[in-house]
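Have a look at this one before I ask anything.
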Amino acid sequence: MNQTLQERRHNTGQLIQELLEERQQLWSQYCALSGMQPFASGEPLDIKIQEFCGLLVDYISLGHFGIYQRLTDGSERRGRILRVAEKIYPRIIQATGTAVDFNDKYEKLSGDALREHLAEDLSKLGEELVLRNDLEDQLLAAMTS
């Protein structure tokens, strides 16, 4: 069953809204986690990191499978959007890799091992997420104009 143009645009709008809401939740948790520095023993970091990593993976997955996949699978036909995507997608993939690496590392750690490089790794992740957000905003602007 083919969707009409109007239905596809509506679905895209919903995906964009969901992505922006997830992004806001992610930054809220990121700031709360960063605000716990220095990461002293006895703080409930394990649970907070697990929650943060879960949201990070949800956000990254929604962007990849909800927005970017339609660009790479040929579903998007608007040239303007494809040109923006072609320009920014390689860098978004790099930022995604940093987020996945962070998740893979911290979903397994606890206690002092978790605290050892957390401040440095959070800072690196934050820089990549800011860049990813800027690039996403360029793409989302093209998709909604």
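None of the figures in this text is laboratory data; all of them are computed from the coordinates on show. Here the structure is a predicted model, which means the values were calculated and not measured. Every residue, glycine as well, gets a Cβ built from its backbone with ideal geometry; the counts of neighbours run over all protein chains shown.
Using a Cα-Cα cut-off of under 28 Å, which lysines could be cross-linked to K108, ignoring same-chain neighbours fewer than 8 residues away?
Output for K108: K48, K124.
Let me ask you something else. Explain nothing, just compute: Karplus ³J(HN,Hα) = 6.51 cos²θ - 1.76 cosθ + 1.60, θ = phi - 60°, for every residue of segment 24-41 in order, whole Hz, x for Gly and Pro.
Going residue by residue, I get 4, 4, 4, 5, 4, 5, 4, 5, 5, 5, 4, x, 7, 5, x, 7, 7, 4 Hz, with x marking Gly and Pro.
Something else now. Sorting M143, M36 on the 10 Å Cβ count, fewest up front, what's the list?
Fewest-to-most Cβ neighbours within 10 Å comes out as M36, M143.
Please give the length that would be gained between R77 and Y89 if that part of the chain were fully extended, namely 0.36 nm times their separation in residues minus their C-alpha to C-alpha distance (nm, one decimal). Intermediate results must be reported in sequence, preceding the final value.
Working: separation 12, 0.36 × 12 = 4.32 nm, distance 1.62 nm.
Roughly 2.7 nm would be gained on extension.
Can you compute 3J(HN,Hα) from phi for each residue in segment 63-80, using the Karplus curve 6.51 cos²θ - 1.76 cosθ + 1.60 with θ = phi - 60°, rounded to whole Hz and x for Gly and Pro?
These are the phi-based 3J(HN,Hα) values: x, 5, 7, x, 9, 5, 4, 5, 7, 8, 8, x, 5, 8, 10, 6, x, 4 Hz.
Any chance you could check the Cα centroid distance between segment 24-69 and segment 100-124 for me, in angstrom?
One Cα centre to the other: 11 Å.
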